[in-house]
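Only one structure is covered here, and it is reproduced in the block below.
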Amino acid sequence: MTAKLDIRKLIVTFIMILIGIAFLMPFLWMISASFKVEKDVLTFPIQWIPQNWNAVENYKEVWTGSMPFLLLYWNSIKVTVLTTLVSCTISCLAAYGFAKINFKGRNFLFLIVLATFMIPPQTLLVTQFLLYRWVGLYDTHTGLILLNSFSVFGTFMLRQFYLGISNEIIESARMDGAGHFRIFTSIALPLVRPAIATYAILRFIWTWNDFQNPLIFLRSKELYTIQLGVQSFSDQHGSVYSLMMAASVSAIVPLLIIFIIGQKNVIEGIQLGGVKG
Amino acid sequence: MNSEVKVETKVIQTTKSKVRKKIKNGSPFSGWRENLAGYAFIGPMFIGTSILVLFPILSSFVLSFTDWNFVSGYQNAKFVGFENFSKLLTNPLFQKGLLNNVILILAVPITLLLSLSLAVIINKYVYLKDLFKVIYFMPFISSIVAVAVVFQVLFHPTKGPINQLLLKLGVENPPGWIADVTFALPSVILIMVWTGIGFNLIIYLAGLQNIPKELYEAAQIDGATAWLQFTKITIPLVSPTTFLLFVTGVISSFKVFDLIIVLTNGGPANSTITPVVYLYQQAFIELKTGYASAISLVMFVIILIITYIQFIGQKKWVNY
């Protein structure tokens, strides 16, 4: 009985793997095309393994050419790492405050912060843009970092975890004379470390993939992030598909590797939050 | 070990009694010091949200009643009353955008159906569950810009691999995909489904864990087929998840921006324009600041209405 079930399960697994490969076909095609000489990109039947390799030349053009990905990478890493750090700090503090400090107006202020969550970000672009030009944050990385730093999602998610810490631990530390900052750093923070890791990975992915904010709030080419770079690269080389694919691979693959390493955290984080970026 | 535990419980008990004493006089810890600490902790978040969200919403409300181009300076803003709104609501391009957006919502039920089927299979009938989660999740975490660039080539009407395959399979006139006015929007939907499956699948898998196993066991004893179990147990019991995913799907369909800007830029012949793309064009290409603020507000109200419907719908349509 069990042996029979196992065979059925094996067959289903095999079929599902075939479907999975078909599902990932666009990625496989992209990677294969990025290694080819231009004239082989659109041959049919598709050469999944290139006959004429041109990988080094393609990637060299993408990484050091007119839209150098080396610079784009540096910009993206800078913006993404700083956004993640700032956003985690701000959300951690606010989440602790909303969960564990009994201050006046807490519920009301939390409600206001939560309510801003459903506002579609595009409806804020026009006035944020005006504000940024006015205070001089337009076309700066600082401005871009600030835009993604005040996350309602992060605050909400981390607050759920802080609520799980028993009040008795905190109250007894208060009895012993510890202030909230001390409790926050030495008791609360270590306890929610896994949740912070999850949020940090999510924030990293979302910021890395952000296209809309760089598009609106950056103008100088030397400040461009990867996503903006891919778009203007494909505008420049719109007919050289092998180069476009090498650029796309450069934009997608590093993040996929980070995801595969941290997949448990990412998937659990998404399930907990049930929210899209 | 034992004595340690005892000491700990004792400490907790004494703390508790102290706390209880304080509760009689009011909350154990409250007053100005507690308030100050609270404001210090939430301060950065609250100030940031106020400046970047609350202030922009309020000022776009004011701006939407003006005729103004931000390049010309504040003194040239002209009050025009409701003119922006009446122009907007009768604008054929905005109406087309709204209609397109309603069509884009079709991606949501398609994604839900595929994700639920995959989730049920992955949950019960396969080995290597984690591998499948990773496979289907990949498009969701990939850069939409790069994905759009790849699909631009895949969808190429004459030379693209998709149409070459269709020709090979004997399709005489394969669709022109993103170059064709009729097929551009379905192409966008196709990519939305492809990128959205991972997210929905992951949430469904979490939802499936909440269904008690005994129900399936009982059904099996009664001789119910797998299909009957799926329609009579699984579908009704994951309905809260379905509802949540449907609502977030509809709301995020109003936010589809990167994909359309890179894939088609609203074309060909405005066949893929949406209100958000129209907003972007009016605000940052035509530089009509006042008019664009009016679009923002109308979008805001639309999302508000959808959220409200969700709020009532939750009670009505969800089987617990």
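Since every read-out is calculated from the coordinates, none of them should be taken as a lab result. Remember, it's a predicted structure, so these values are computed and weren't measured experimentally. Every residue, glycine as well, gets a Cβ built from its backbone with ideal geometry; the counts of neighbours run over all protein chains shown.
Please give the charge dipole size of chain A, origin at the Cα centre, charges +1 on K and R Cβ atoms and -1 on D and E Cβ atoms. Round to the nearest 20 debye. Each step should come with its number before you reach the end.
Details: 20 positive and 13 negative charges, 131 e Å.
Once rounded to the nearest 20, the dipole reads 620 debye.
With +1 on the Cβ of every Lys and Arg and -1 on the Cβ of every Asp and Glu, and nothing else charged, how large is the dipole of the protein assembly as shown about its Cα centre, in debye rounded to the nearest 20? Please list the in-between numbers first.
Values: 43 positive and 26 negative charges, 404 e Å.
Magnitude of the dipole: close to 1940 debye.
Pop a pseudo-label 7 angstrom from the Cα along the beta-carbon direction at both residue A:21 and residue B:304 and give the gap in nm to one decimal.
The two pseudo-label positions are separated by 5.3 nm.
Please give the helix A:125-135 orientation as an angle from the longest Cα principal axis of chain A, in degrees from 0 to 90, rounded to the nearest 10.
70
Please give the charge dipole size of chain B, origin at the Cα centre, charges +1 on K and R Cβ atoms and -1 on D and E Cβ atoms. Round to the nearest 20 debye. Each step should come with its number before you reach the end.
Numbers: 23 positive and 13 negative charges, 288 e Å.
Around 1380 debye, computed over chain B.
Using amide H atoms built in the peptide plane, which far-off residues or other-chain residues are under 5 Å from residue B:66 H to H?
So residue B:66 has HN proximity to B:80.
What residue among A:184, A:23, A:137 has its Cα farthest toward the positive end of the dipole of chain A, where the charges are +1 on Lys, Arg and -1 on Asp, Glu, each on the Cβ?
Most positive-ward Cα: A:184.
Hydropathy at least -0.5 by Kyte-Doolittle, axial extent at least 30 angstrom from the Cα trace: which helices of chain B, defined as entire DSSP H runs, fit? Provide the component values of the computation, followed by the final result.
Numbers: long enough: B:2-24 (33 Å, -1.03); B:184-209 (38 Å, 1.72); B:289-317 (41 Å, 1.26).
What comes out of the filter, once short or polar helices are dropped, is B:184-209, B:289-317.
Which listed residue (A:89, A:69, A:148) has the Cα farthest towards the positive end of the charge dipole for the protein assembly as shown, taking +1 on Lys and Arg C-beta and -1 on Asp and Glu C-beta about the Cα centre?
After comparing all options, I get A:89.
Please compute the net charge surrounding residue A:197, taking Lys and Arg as +1 and Asp and Glu as -1 over other residues with Cβ under 13 Å from its Cβ. Spell out each step's value before the answer.
On the way: positive: A:193, A:203, A:264; negative: A:268.
Here the charged neighbours net out to +2.
Quick one: if you stick a label point 7 Å off each Cα along the C-beta vector at residue B:230 and residue A:11, how many nm between them?
Result for the modelled spin labels: 1.6 nm.
Taking only Cα atoms, what is the 0 to 90° angle, nearest 10, from helix A:55-64's long axis to the longest principal axis of chain A?
50
Please express the Cα-Cα pair-distance distribution P(r) of region B:72-139 as a list of whole percents, one per 5 Å bin, running from 0 to the bin with the greatest distance.
Distribution as computed: 3, 12, 12, 11, 10, 9, 8, 7, 7, 7, 7, 5, 2, 0 percent.
How large is the helix-only mean residue ellipticity at 222 nm for chain B, computed as the sum of -39500 (n - 2.57) over DSSP H runs with n ≥ 4, divided by its residue count, in deg cm²/dmol to the nearest 500? Write down the numbers at each step before the final one.
Working: 16 runs with 215 residues, N = 320.
Only helices count here, giving -21500 deg cm²/dmol.
Explain nothing, just the number: relative contact order of chain A, from Cα pairs under 8 Å at least 6 residues apart, as a whole percent. Don't skip to the end; give the middle numbers.
Numbers: 244 pairs, mean separation 82.2, N = 277.
Over chain A, the number comes to 30 percent.
Ranked by Cβ crowding within 10 angstrom, fewest neighbours first, how are A:267, B:306 ordered? Walk me through the numbers before you get to the answer.
On the way: A:267 21, B:306 16.
Ascending number of Cβ neighbours within 10 Å: B:306, A:267.
Summing -39500 (n - 2.57) over the DSSP H runs of n ≥ 4 in chain A and dividing by its residue number, what mean residue ellipticity at 222 nm do you reach, to the nearest 500 deg cm²/dmol?
Values: 15 runs with 193 residues, N = 277.
After summing the helix terms and dividing by the residues of chain A, the value is -22000 deg cm²/dmol.
Got a sec? How would B:255, B:315 order by Cβ neighbour count within 10 Å, fewest to most? Walk me through the intermediate numbers first.
Numbers: B:255 17, B:315 7.
The most exposed by this proxy come first: B:315, B:255.
On the first, second and third principal axes, largest extent first, how far apart are the outermost C-alpha atoms of the protein assembly as shown in Å?
84, 83, 51
First select every other residue whose beta carbon is under 15 angstrom from the beta carbon of residue B:234; then total the charges, Lys and Arg +1, Asp and Glu -1. Please report the intermediate quantities before stating the final value.
Working: positive: B:124, B:213, B:232; negative: B:214, B:217.
Net of charged neighbours comes to +1.
Under a Cβ-Cβ cut-off of 13 Å, what is the net charge of the residues other than residue A:141 that fall near it, where Lys and Arg count +1 and Asp and Glu count -1? Write out the running numbers ahead of the final one.
On the way: positive: A:78, A:219; negative: A:139, A:210, A:222.
Local charge sum for residue A:141: -1.
Could you work out, residue by residue across A:7-19, how many beta carbons of other chains sit within 10 Å of that residue's beta carbon, and then give the average as an integer? Walk me through the numbers before you get to the answer.
Details: counts 0, 1, 4, 2, 2, 6, 9, 2, 3, 10, 6, 0, 5.
Per residue, the number of nearby Cβ atoms from other chains is 4 on average.
Compute the relative contact order of region A:2-54 as a whole-number percentage, counting only Cα pairs closer than 8 Å that sit 6 or more residues apart in sequence. Please report the intermediate quantities before stating the final value.
On the way: 20 pairs, mean separation 15.2, N = 53.
Computed value for region A:2-54: 29 percent relative contact order.
Would you list A:248, B:72 from fewest to most Cβ contacts within 10 Å? Please report the intermediate quantities before stating the final value.
Details: A:248 30, B:72 11.
Fewest-to-most Cβ neighbours within 10 Å comes out as B:72, A:248.
How far apart, in nm, are the 7 Å Cα→Cβ label points at residue A:197 and residue B:86?
Modelled inter-label distance: 6.1 nm.
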